[in-house]
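What follows is a short report on a single structure.
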Amino acid sequence: FLAYKDEKNKCIVTDNRAIAWRYFTSTFWFDFVVSIPIEPIVAGGLGITVRDTQEAKFVGLLRWLRIGRMYPIFEVFATIQHKHILPPVVLTLARNYTYLFYIVHWMACVLFFIARAGDHDEETWFGRGEAQDRLASLDAWADYLYSFYFSIGVFTGFSNEVFYKNSPIEGIVLCIYFVINVVAQAYILGT
């Protein structure tokens, strides 16, 4: 918020009022909306006090709106590239691995949610007999790590088939993930 480049006049603007007005008329409202704690507001409005109910699990999906706060990462990488802070190879690797991490993490969260919403029963990848033999005695973090492992395996195509889809919803989600993977891998190869 120190300055911005005015595209019309090609000059640097340092006036605080102009900077504030530019922010207010550009990304302020987006930042405001994604910063509102919508999940507790909706849960309170619905009278949900226990987090393990089925309704609470689906209301918890509203936390995904926080992803909107991630948009500055693109500006960070653009600034690093423009100012030559890192060598191009290091910047490319850092940017691609950052994007890869977020894609894999978000998909691991989706897969973990599907298993959690299905109460880890036989209809989910997490509740299958082979997977349950490995996962039954683990805590939630270990469960997430297996979801992360599964997500990486699907992304790279080198996953253990024990973890592949077991229900129609998982099949649909994995098909969408495969399409995202193709686009992400094309981007990574193109850079």
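Within the shell of other residues whose beta carbon sits under 15 angstrom from the beta carbon of A3, the net charge comes to +1, with Lys and Arg scored +1 and Asp and Glu -1.
A crude spin-label estimate for the pair I172 and Y97, with each label 7 Å from Cα along the Cβ direction, gives 3.6 nm. Can you give the FRET efficiency to the nearest 0.05 for Q185 and T49, using r as the Cβ-Cβ distance and R₀ = 41 Å? That gives a FRET efficiency of 0.40.
Maximal additional length on extending the T79-L145 stretch stands at 20.5 nm, based on 0.36 nm per residue less the C-alpha distance.
Taken about its Cα centre, the stretch 4-52 carries a charge dipole of roughly 280 debye when the Cβ of each Lys and Arg holds +1 and the Cβ of each Asp and Glu holds -1. Compute the whole-percent fraction of alpha carbon pairs in the stretch 1-81 spaced more than 22 Å apart. Everything past 22 Å amounts to 48 percent.
Any read-out appearing in this document is the output of simple, stated calculations on the displayed coordinates, not a laboratory observation. All values derive from a computational prediction rather than experimental measurement. For neighbour counting, all protein chains shown are included, and Cβ atoms are generated from backbone atoms with ideal geometry for every residue, glycine included.
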